[in-house]
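Report on the following structure.
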Amino acid sequence: MFFSKSFGYALRGVLYVSIEGKEGRKIQIEEIAEQLSVPRHFLAKIMKAVVKKGILNSTKGPYGGFSINKKTLNTKLIHLVELTDGTELFNNCILGLKNCNGKNPCPLHDEIALIRSQLLNKFGKTRVGDLTDEENVNFIKSLAVV
């Protein structure tokens with residue numbers, strides 16, 4: 001897998017809150033973890049980082065939980081990658097070679113460079129809100145079925 005579980009959990013968690021919390025409803029971590037079938041404590045740690053970056057809001061207490069804010073739907077996917085994985089994965093050799101570069105490429109360098117460029121471009125353009133619109137109904141339904 002190209003991206004970490006942390007990225008996948010962060011993206012799925014933000015999407016879940018974005019979809020289920022559209023009308024101001026606060027979503028508790030237990031619900032998110034259960035619906036997405038992910039470990040609660042690991043997800044909580046990731047969601048805390050998402051809140052710290054201002055992508056979601058969090059309220060403590062029995063009626064608390066995660067909620068969207070003005071920034072949520074406009075957050076680009078690259079920001080979630082930066083938060084969880086960093087952007088080094090767009091620069092490092094896919095085979096793990098330290099001396100791989102344009103002048104000294106590994107056998108996969110040129111093909112992977114093109115794919116990385118396309119991914120970086122796509123993640124730099126795609127917002128959370130783009131993934132939660134009505135055109136993605138089947139995707140939205142599949143969020144909890146992983």
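The values are calculated or read from the model by the stated rules, or taken from the named source; none is laboratory data. Everything quoted here is computed from the prediction, not taken from an experiment. Methodologically, a virtual Cβ is constructed for each residue, glycine included, from the backbone with ideal geometry; neighbour enumeration extends over all protein chains shown.
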Hits in the range 1-44 - residues which are among the β-branched types (Val, Ile, Thr) and out of contact with any Lys or Arg (no Cβ under 8 Å at 6 or more places or on another chain): Val14, Val17, Ile19, Ile27, Ile32
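Listed here are the residues, each with its yes/no results for (1) in contact with a His (Cβ under 9 Å, 6 or more places away or on another chain); (2) at pLDDT below 95.
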{"position": "Lys5", "(1), (2)": "no, yes"}
{"position": "Val14", "(1), (2)": "no, no"}
{"position": "Lys70", "(1), (2)": "no, yes"}
{"position": "Cys93", "(1), (2)": "yes, yes"}
Going by what's in this entry, would Lys76 be described as farther than 13 Å from Leu11 by Cα, touching a residue at least 12 places away in the same chain (Cβ under 8 Å) and basic (Lys, Arg)? no
Identify, by number, the condition in (1) surrounded by fewer than 18 Cβ atoms within 10 Å (Cβ to Cβ); (2) under 27 Å from Thr87 (Cα atoms) that Arg25 doesn't meet. (2)
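Leu95: part of a helix (DSSP H, G or I) and touching a residue at least 12 places away in the same chain (Cβ under 8 Å), yes or no?
On the way: part of a helix (DSSP H, G or I): no; touching a residue at least 12 places away in the same chain (Cβ under 8 Å): yes.
For Leu95, the condition - part of a helix (DSSP H, G or I) and touching a residue at least 12 places away in the same chain (Cβ under 8 Å) - is not met.
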Within the range 35-51, considering residues that are out of contact with any helix residue (DSSP H, G or I) (no Cβ under 9 Å at 6 or more places or on another chain) and not aliphatic (A, V, I, L, M), the one surrounded by the fewest Cβ atoms within 10 Å (Cβ to Cβ): Ser37
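May I ask you to list the residues in the range 35-66 that are part of a helix (DSSP H, G or I) and in contact (Cβ under 8 Å) with a residue 24 or more places away in the chain?
Just the residues of the range 35-66 that are part of a helix (DSSP H, G or I), to begin with: 35-36, 40-52.
Those that are part of a helix (DSSP H, G or I) and in contact (Cβ under 8 Å) with a residue 24 or more places away in the chain: Gln35, Leu36, Phe42, Leu43, Ile46, Met47, Ala49, Val50.
Test Phe42 against the criterion of being of a type in the set (A, V, I, L, M, F, W, C) and over 12 Å from the mean Cα position of the chain (by Cα), and give yes or no.
On the way: of a type in the set (A, V, I, L, M, F, W, C): yes; over 12 Å from the mean Cα position of the chain (by Cα): yes.
Spelling it out, Phe42 is indeed of a type in the set (A, V, I, L, M, F, W, C) and over 12 Å from the mean Cα position of the chain (by Cα).
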For Gly65, state whether it is farther than 15 Å from Leu15 by Cβ, over 16 Å from the mean Cα position of the chain (by Cα) and exposed (fewer than 12 other Cβ atoms within 10 Å of the Cβ). no
